[in-house]
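Chemist: One structure follows; several queries about it will come next.
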Amino acid sequence: MHKDFIQTAPPRLKPSLLSQAIGLAILCVPPAVTAQAAAPVQTLPDVEVTGTSVAAPLTRITEDIAASPANVTVLGRKELDQKTITTYGDIFRGVTGVYVTEYGQGLVAYELKFRGFTSGHGRDVAGFLDGVPLNITGSQHTNGYMDLAQLIPELVDRVEIVRGPFSVYAGNHAVAGSVQFYTDRRVPSMLKASVDSFGRTRILPVLSTDIGSGTLLLAADATKGSAYTHQSDQSRLNLFSRYSFPMLNGTGAVRFQVYNAVAEAPGYLDLAKVESGALDRRDALAKGVGDAKHQQNLVFNYRSDDAEGRSGFGSGWTSSVYAVRDRRERFTFYDLTVPPDSSVPIGGERDRLHQVGLDLRKTSSFDAAGMPAQWTAGIQYNREAINALNFAADSDRHALPPSAGMVDTVGVDRRVLTTTRAAYAQVQIKPTEALKLTGGLRYDRIGFDLDLHPQDDAFAGAASVGLATIATSAARVSPKLGAALQVADTGLSTVDVYANYATGFKSPYAFSDFFSNVATSSAVPDLALSTLRSFEVGLAGGAKDGSTRWRAGYWDTRQKKEGQRDDAGIFRAFGTTTRRGFDVEGSALVTPAVRLYANYSAVRARSLTSAPGQDYLANVPKWIGTLGGNSAITTGSHRFDLTLEDSIVGPASVTTDNTIRTRTYNRLTARAAYGNAAYKGLTGFVQLVGYDRPLEETQFDFGGGVVGISPRPRLSALIGIQYAFNP
């Protein structure tokens, strides 16, 4: 999609620093020896090993967000291929300052932590797929629920990760950052199949063929089987179709997708009981826990060939128009005192979503009094209509009828309509060759229409004060200011200093805010926005040929009226919060075929309005680090791709008083792939993932000193093959 970015290095890893250092040393030696023995004079000219893609000097005028004066990571197709992605969470693993929690609870969206935000289910990270917003503001599960289940990683060729609220293209929910996913227009026909050590199998056929003046892409992603725990069967089918064609001065594309999945989930287990041996770590809590998801989406995209807008009014256009129909069901049970595999009433959530919207953007490059400049302006519209039901169900997931023992079996029964209208603009200008200034502005207006139905528990109280139906809105103007200065250019390498100031916001959670106000007030509940300001300063540099790349930055954020529903369904208000931290990352091509990379991030996250000693923001690791390396060796017709990565995660407070904390743990990933030109496009791969402390990654406070966990397997393996037609 985007052009003009240099392939460079960085992020991924897992177990101890010492063990990783030894492992990397071993990794580096055999390929060099093998290559030398097989072909003493070869220089491997076709090998390019990369870890992350970073734009050329930050002082460059371009619409490519990788050149923003901010901490941005761009992953290209090569970096994604090296990860052997089995779930969408693997896209983010090892990326500087990004922490992923895979709950192990069926289809539920993962937790993404940027900059000290817990961001359960991705709620504080604004996500987009080909311009379609992925956060659901009106979801009853959490405010900003970001579901990437429909993503087929092999069809993605670019991921843009912006830390903090600096991107002018993202508004609501972008307090921790934003992520843009772009699907590939040039996916080759292939067949990929894999199976893991627990028997879960995935098959992905892809067909790409020219039809008329355009290209038709068809893919079917099918997954079936159990995972580590006893109650973890999953059945998923994701059908993707897209037709791309020349249009005006660019390319248009129409995409239609159908996603259907059903999954069981083990539920959370009591940590103390698992550690004492009273429960096996593979036990399931209660029968029926799990989820189901059914989605259809229709998307139109257009992008000008001249994305920089240098060719007049007809160039520099980008647009997305979409319609989404989604039905999500989630069945939960949180009483950790029951025996394993209990048949008990469970809680059911059902959201029926209809979503439509558009994003229309124009970019133009021009000369301003002899200074290179560029402006971008656009509008966004998004309408989410959700019919939400929360009810009691049996272990077969059937809704329970009222009875003498349970008179009220429905808790939530309402319609939530959220409408977002936004306009944004950004200007870049270079007063001197070494200096670039960036200024952006967003205006967002979010409207809420809430309609309580008679079965809703809040209906009687709301109707008594005339609030069974309410309509309200809130607006926010968010400036984004940045600068980048090139302080050194040796001809072979550069050093840039950058700084930015930006504000962002998060809309209120209509369900909880409504509950907390409607019973005691005859006025429309206060649905004020939670606002955030962010400041960042850093240095970035490296060799112009991409052989080395490094970055170091410090950032500081403050958010007002922060609140969230945690993973046990409890709403917590934190008031004003602050987060401060720093990131350091670097990579180096140590031989023509081996690249090493490392990163480290630390954060201090506190509530400024909570009582001293009760001010810790839970589930935020104090630090995370990554150390890794990858190599690509070609000897004759043989090609070997190897990756070894150790992610080390520091302790995190499980409770706000910091009396319960997780321990530091390591997650080690080793991946190897082999291909042979004589096999005509056939490649085999294997991946191993290991934890030294498999109980630490997923821990949550269930109250009263009880900690719920979702154990990881100590060691898991995945093997697979991929056949590329006409490679």
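The values are calculated or read from the model by the stated rules, or taken from the named source; none is laboratory data. These figures come from a predicted structure and were not determined experimentally. Counting neighbours? That spans all protein chains shown, and the Cβs are built from the backbone with ideal geometry, glycine included. Surface areas here come from the heavy atoms of the whole protein model, side chains and all, with no ligands, DNA or RNA. Shrake-Rupley method; radii C 1.70, N 1.55, O 1.52, S 1.80 Å.
Chemist: Tell me the volume per residue, in Å³, of the convex hull enclosing the alpha carbons of the stretch 348-411.
Modeler: Working: hull volume 8.5 nm³, N = 64.
Per residue, the Cα convex hull of the stretch 348-411 comes to 132 Å³.
Chemist: Still on this structure: How about the stretch 153-214: which trypsin sites (Lys or Arg not before Pro) there lie in a loop by DSSP and see at most 10 other Cβ atoms within 10 Å?
Modeler: On the way: sites: ARG158, ARG163, ARG185, ARG186, LYS192, ARG200, ARG202; in loops: ARG185, ARG186, ARG200.
For trypsin sites (Lys or Arg not before Pro) across the stretch 153-214 that sit outside H, G, I, E and B with at most 10 neighbouring Cβ atoms in 10 Å, the list reads ARG186.
Chemist: Another question, if that's okay. Could you put GLU433, GLU384 in order of accessible surface area, largest first, with the 1.4 Å probe and the full protein assembly present?
Modeler: GLU433, GLU384
Chemist: Also, I was wondering about something else. Taking 1 over the mean of 1/r across every pair of different Cα atoms in the chain, what Kirkwood radius in Å do you get?
Modeler: About 26.6 Å for the chain.
Chemist: Sticking with this structure for a sec: Determine the dipole magnitude for the chain: charges of +1 sit on the beta-carbon of Lys and Arg, -1 on that of Asp and Glu, nothing else is charged, the reference point is the Cα centre, and the result goes in debye to the nearest 20. Walk me through the intermediate numbers first.
Modeler: Details: 73 positive and 70 negative charges, 184 e Å.
Dipole size: approximately 880 debye.
Chemist: Determine how large the accessible area of TRP550 is when every protein chain is in place; take a 1.4 Å probe and give Å² rounded to the nearest 10.
Modeler: About 90 Å², rounded to the nearest 10.
Chemist: Got a number for the accessible area of ARG328? Probe 1.4 Å, square angstrom, nearest 10.
Modeler: 20 Å²
Chemist: In what order, largest first, do ILE648, ILE719 sit by accessible area if the probe radius is 1.4 Å?
Modeler: Details: ILE648 15, ILE719 95 Å².
The ordering from most to least exposed comes out as ILE719, ILE648.
Chemist: With the cut-off at 1.5 for a/c, could you classify the stretch 230-376 from its C-alpha gyration tensor as rounded, prolate or oblate?
Modeler: Working: a/c = 4.03, a/b = 2.61, b/c = 1.54.
Cα axes put the stretch 230-376 in the prolate bin.
Chemist: If you don't mind, another one. From the residues VAL321, ALA388, PRO340, which one has its Cα farthest along the dipole of the stretch 271-414 in the positive direction, the dipole being from +1 and -1 charges on Cβ of Lys/Arg and Asp/Glu about the Cα centre?
Modeler: It is VAL321, whose Cα lies furthest towards the positive end.
Chemist: Here's something else I'd like to know. Largest first, what is the accessible-area ranking of LEU239, LEU627 with a 1.4 Å probe? Display every interim value, and only then the final one.
Modeler: Working: LEU239 75, LEU627 35 Å².
Of LEU239, LEU627, the descending order of accessible area is LEU239, LEU627.
Chemist: What is the gain in length, in nm to one decimal, between ALA423 and VAL407 on full extension, counting 0.36 nm per residue of separation less the C-alpha to C-alpha distance? Walk me through the numbers before you get to the answer.
Modeler: On the way: separation 16, 0.36 × 16 = 5.76 nm, distance 4.84 nm.
Stretched out fully, the ALA423 to VAL407 stretch lengthens by 0.9 nm.
Chemist: Tell me, Kirkwood radius of the stretch 84-157 from alpha-carbon pair distances, in Å?
Modeler: Computed over the stretch 84-157, the radius equals 12.7 Å.
Chemist: Further, regarding this structure: Rounded if a/c is under 1.5, else prolate if a/b is larger than b/c, else oblate: which is the stretch 374-440, with a ≥ b ≥ c the root eigenvalues of its Cα gyration tensor? Please report the intermediate quantities before stating the final value.
Modeler: Values: a/c = 6.63, a/b = 4.05, b/c = 1.64.
Taking the square roots of the gyration eigenvalues as a ≥ b ≥ c, the stretch 374-440 is prolate.
Chemist: Over 26 Å, how big is the tail of the calculated P(r) for the stretch 559-685, in percent of all Cα pairs? Each step should come with its number before you reach the end.
Modeler: Numbers: 3722 of 8001 pairs.
Value for the stretch 559-685: 47 percent of Cα pairs lie more than 26 Å apart.
Chemist: Here is a further query. What lysines does LYS560 reach when the alpha-carbon gap must be under 23 Å and sequence neighbours fewer than 8 apart in one chain are set aside?
Modeler: Filter leaves LYS113, LYS480, LYS506, LYS622.
Chemist: Given only helices, namely DSSP H runs of n ≥ 4 each adding -39500 (n - 2.57), what is the per-residue ellipticity at 222 nm of the chain, to the nearest 500 deg cm²/dmol?
Modeler: After summing the helix terms and dividing by residue count, I get -2000 deg cm²/dmol.
Chemist: In the chain, what percent of the accessible surface is made up of carbon and sulfur (1.4 Å probe, ligands and nucleic acids excluded)?
Modeler: Here carbon and sulfur together make up 61 percent of the probe-accessible area.
Chemist: List, in order, the whole-Hz ³J(HN,Hα) value for each residue of the stretch 485-502 obtained from phi through the Karplus relation with A = 6.51, B = -1.76, C = 1.60 and θ = phi - 60°; use x for Gly and Pro.
Modeler: Couplings: 10, 7, 9, 7, 8, 8, x, 9, 8, 9, 9, 10, 10, 9, 8, 8, 10, 8 Hz.
Chemist: How high is the relative contact order of the chain, given as a whole-number percent (alpha carbon pairs under 8 Å, six or more residues apart)?
Modeler: 15 percent
Chemist: Tell me, what is the 1.4 Å probe accessible area of SER403, in Å² to the nearest 10?
Modeler: 60 Å²
Chemist: What's the center-to-center distance, using Cα atoms, between the stretch 67-117 and the stretch 393-440 in Å?
Modeler: For the stretch 67-117 versus the stretch 393-440, the Cα centre distance is 20 Å.
Chemist: Keeping all protein chains in place, calculate the accessible area per residue for the chain (probe 1.4 angstrom), answer in Å².
Modeler: For the chain, the per-residue accessible area is 37 Å².
Chemist: To continue, here is another question. Would you please classify the overall shape of the stretch 158-213 from the alpha carbon gyration tensor, given that a ≥ b ≥ c denote the square roots of the eigenvalues, rounded means a/c under 1.5, and beyond that prolate means a/b larger than b/c while oblate covers the rest?
Modeler: On the way: a/c = 4.48, a/b = 1.49, b/c = 3.00.
Oblate, since a/c reaches 1.5 and b/c is not below a/b.
Chemist: May I pose another question? Give, in nm to one decimal, the length gained when the segment between ALA272 and SER464 is fully stretched (0.36 nm per residue of separation minus the Cα-Cα distance).
Modeler: Residue separation times 0.36 nm, minus the Cα-Cα distance, leaves 64.5 nm.
Chemist: Residue farthest toward the positive end of the dipole of the chain, with Cβ of Lys/Arg at +1 and Asp/Glu at -1: which of ILE721, VAL707, THR557?
Modeler: THR557
Chemist: I need to check one value: relative contact order of the stretch 606-727, counting alpha carbon pairs closer than 8 Å and at least 6 residues apart, in percent.
Modeler: Relative contact order for the stretch 606-727 comes out at 20 percent.
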